[in-house]
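Below you'll find the structure, written out as structure tokens, and then a few comments.
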Amino acid sequence: MKAIYKRELSACFRSPIGYLFCAIYLFFSGMYFNSVLSVGQSSEFPQIYYGMLNIVLLMLPLLTMRLFSEERKYKTDQILLTSPLNITPLVLGKFFSALTIYAGCTLFTLIYAIVFSFFTSPSWPLITGNILGAILFGAAFIGIGMFISSMTESQFVAGMGSFSIATIFIILDVIPLITSNEFIVSLVGNISFVGRYKPFTKGILDMSSIVFFASIAASFIFLTVRVLEKRRWS
Amino acid sequence: MIKVKHLTKKYGANVALDDVSFSVKAGEIAGFLGPNGAGKTTTMNIITGYLSSTSGTVTVDGYDILEQPTEAKKRIGYLPEVPPLYPDMTVDEYLRFIYELKRATQKKEAHFNEICELTGISAVRGRLIKNLSKGYRQRVGIAQTLVGNPPVLILDEPTVGLDPKQIIEVRSLIRKLGKKHTVILSSHILSEVQAICDRIIVLNNGKLVADSTSQSLSDRLTDGNSIIVRAVGKAADIQAVLNSVKTVKRCEKLSEKDGAAEFSVTISSAESARQDIFYAMAAKKLPIIEMRQREYSLEDIFLSLVDKK
């Protein structure tokens, strides 16, 4: 798992994708920080993470689209699958490499918090809660993106696939605004990624949200393992 | 070392491998010979655990590839048809990655130096794989199989796409590797397999057609009593003369062009057979411009092997 993790991490920064991802993340989070600074209240700080959610959804396909598609394109999956390594650590290595890059960007926002602390005392529990929530949020979507990448050998198709799903998630959040049907509103509230994130903005470590994100990540990791396993048998 | 029993692989209704069984002893160089689509790559993919069989078993050094995949895979170095290289890595980085992937235990630097020396890639270790020529990529692919020093090497068409000089180099490299490892390689070139391998396993349409030592197969295939004679003159005259020679058992016209005709001649095993033909033709002033041993193409071999079965 370590070998795969290291190789993936370095591969991401051998191509422009890793830099592009970090640059976009820092640009938008910087913009949100700028607006938080102009208001200048500690309670406004989580706005950075909350505002980033939709952008993160649209950006994460950049990280996940190449995970397995590229291996199939270069036929390097043959060396991975014929090595003594099992499939699960292989998938985990790739998952955590993408998560590391995303989490690294998220942790970078701590610098904003430090800058913020010069002006007013930030609420640290609120900030840690948000960072934790944002990482879980990303982990769930990275799982989905990785799963899509394992099904195609075209990076473009994998990217567009995850991108479309991200778009659906974003549109989901608009539905409660245009309907008053209680059932639909509560259904959407339960499956919406952004909706599930809401408790974290208040600094609450909501168990159901944590389980929601973690179980989505875990199930898609499991499904990715199955897809790779299935290919052997087809 | 490798035991393959009753291997069958179906892709839907399409049968890619049909009840193939063979075994390869330690230290042997075995060659899979067959036309494209014969099932060579499928067999290799199953032995290495990349694909699974529909039925049948594969054991490597006593470990079943399905039951104990980790142990079995540890003993195999595999070079697929397309070398599995990451173009964005340097040769050195790539070998280090493979070293960690296979959890090799050899001393790193000495091990890499030895492998690079053997495969002749020491000069390009710092270069990005995407900038290497096809020949070097193939060698990096072979170097990769040697990481961790597995006892079994499986090489899928290792010389395809190389220039003649590189082909000779790769062949001699494989022979060198054969001294320490059990090697299985595949090819669709008969002479190549004959030159490198101790054993030849012939596959056609997913079926095992022949499995014998290199020598006995070539004895069976190059029939010393069949020659091709080409002479200037009318075909009918030449045929009459050939038939009059005592040591000629049978002759058959192959073609007639530009005043010369070509015959396939079956002769008796008497040593003087060819001389008899020469003198008989010379006496009738029908100059022989070519006389050669009949060589079988891969197609002929398959036909003859299938017929014999």
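Results, tabulated for the structure shown:
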quantity: Residue within the stretch B:143-156 that is buried (at least 16 other Cβ atoms within 10 Å of the Cβ) and modelled with pLDDT under 90 present; calculated: no
quantity: A:SER10 vs. criteria under 30 Å from B:THR70 (Cβ atoms) and assigned to a loop (DSSP other than H, G, I, E, B); calculated: no
quantity: Filter pass, B:SER214 being among the small types (Gly, Ala, Ser), in the same structural domain as B:GLY39 (by TED's automatic domain parsing), at pLDDT below 85 and touching a strand residue (DSSP E or B) at 6+ places or on another chain (Cβ under 6 Å); calculated: yes
quantity: Qualifying strands (runs of 3 or more DSSP E) (wholly inside the stretch B:11-109; at least 1 residues being more than 12 Å from chain A (Cβ to nearest Cβ) and among the acidic types (Asp, Glu)); calculated: B:14-24
quantity: Residue that is nearest to the other protein chains (Cβ to nearest Cβ) [pool: residues in the stretch A:72-126 that are open to solvent by 20 Å² or more (accessible area, probe 1.4 Å) and aromatic (Phe, Trp, Tyr)]; calculated: A:TYR74
quantity: Test set (1) touching a Ser or Thr at 6+ places or on another chain (Cβ under 8 Å); (2) among the β-branched types (Val, Ile, Thr); (3) more than 14 Å from chain A (Cβ to nearest Cβ); (4) open to solvent by less than 30 Å² (accessible area, probe 1.4 Å) - B:VAL183 fails condition number; calculated: (1)
quantity: Residue tally, condition over 25 Å from the mean Cα position of the chain (by Cα), assigned to a helix (DSSP H, G or I) and farther than 13 Å from A:ASN34 by Cα, over the stretch A:109-125; calculated: 3
quantity: Segments classed as helices (runs of 4 or more DSSP H), wholly inside the stretch B:139-248, with at least 1 members that are under 17 Å from the mean Cα position of the chain (by Cα) and touching a residue at least 24 places away in the same chain (Cβ under 8 Å); calculated: B:164-177, B:190-196, B:214-221
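Residues are listed down the side, and each one gets a yes or a no for (1) under 18 Å from the mean Cα position of the chain (by Cα); (2) over 28 Å from B:GLU100 (Cα atoms); (3) not aromatic (Phe, Trp, Tyr):
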site	(1), (2), (3)
A:LYS6	no, no, yes
A:GLY18	yes, no, yes
A:PHE45	no, yes, no
A:TYR49	yes, yes, no
A:MET59	yes, yes, yes
A:GLU71	no, no, yes
A:TYR74	no, no, no
A:ILE79	no, no, yes
A:PRO84	no, no, yes
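The values are calculated or read from the model by the stated rules, or taken from the named source; none is laboratory data. Worth saying up front: this structure is predicted, and the values here are computed from it rather than measured. With ideal geometry, Cβ positions are generated from the backbone for all residues, glycine too; neighbour counts draw on all protein chains shown. Surface accessibility is based on the protein's heavy atoms, side chains included, excluding ligands, DNA and RNA. Shrake-Rupley method; radii C 1.70, N 1.55, O 1.52, S 1.80 Å.
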